[in-house]
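Below is one structure, written out as structure tokens; comments come after it.
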Amino acid sequence: MKPAPKLAAIDSSYAREAKIAQRTIKAQDKLILDLKGELEKQKSLLKEHQNETQQQSLKIVHLEHEIQNVKQLNRSLQEDNESYQILLHEKTMNGEFMMNPIMQVDEIAVSPSVSTSQQSVGGGGGLNLAAELNMAAVPDWNQKETDQTISSKKRITSGGNNERERNK
């Protein structure tokens, strides 16, 4: 009967090993389930990050498109501004800008002694470069009249000075 105790010892060691194996299997199963759960979490996070990245990429494309539109609008506005400046320069040189009713000074503000020809040449009291250049280059009847008036005033003034000198 000796073989029986060996069998009992083998059975007990086998039972112990089976229990250890079962515990190990349970621990491994639990570890596998935990890892599967972690893998699912990481997959969902990866998917969220991919969606966010895709949205950010679309937003970047949209903003780049907006930047291009704003740059094009800016160029267009700069061109418009340059053309208006050229037009304003041309109109100013031609005297048309000051002839505009918006730029006219009220006639009440202009002194009554100023002749209408001087008002039109001066653009209603404003600066008219083209008219002044024309007046300097080609004297007309009004200019001669103005020159005669100035010279007669000088004579009167100088004549008055002579009388004052005689009275002294």
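The values are calculated or read from the model by the stated rules, or taken from the named source; none is laboratory data. The structure presented is a predicted model; accordingly, all values stated were derived computationally and were not measured. Heavy atoms of the whole protein, side chains included, go into the accessibility calculation; ligands, DNA and RNA do not. Shrake-Rupley method; radii C 1.70, N 1.55, O 1.52, S 1.80 Å.
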**Request:** Look at residue 60 and say whether it is more than 59 Å from the chain's Cα centre (by Cα) and open to solvent by less than 100 Å² (accessible area, probe 1.4 Å).
**Result:** no
**Message:** I'm trying to understand the selection: among the residues of region 63-85, which are open to solvent by 90 Å² or more (accessible area, probe 1.4 Å), polar (S, T, N, Q) and at pLDDT 95 or above?
**Reply:** 68, 72, 78
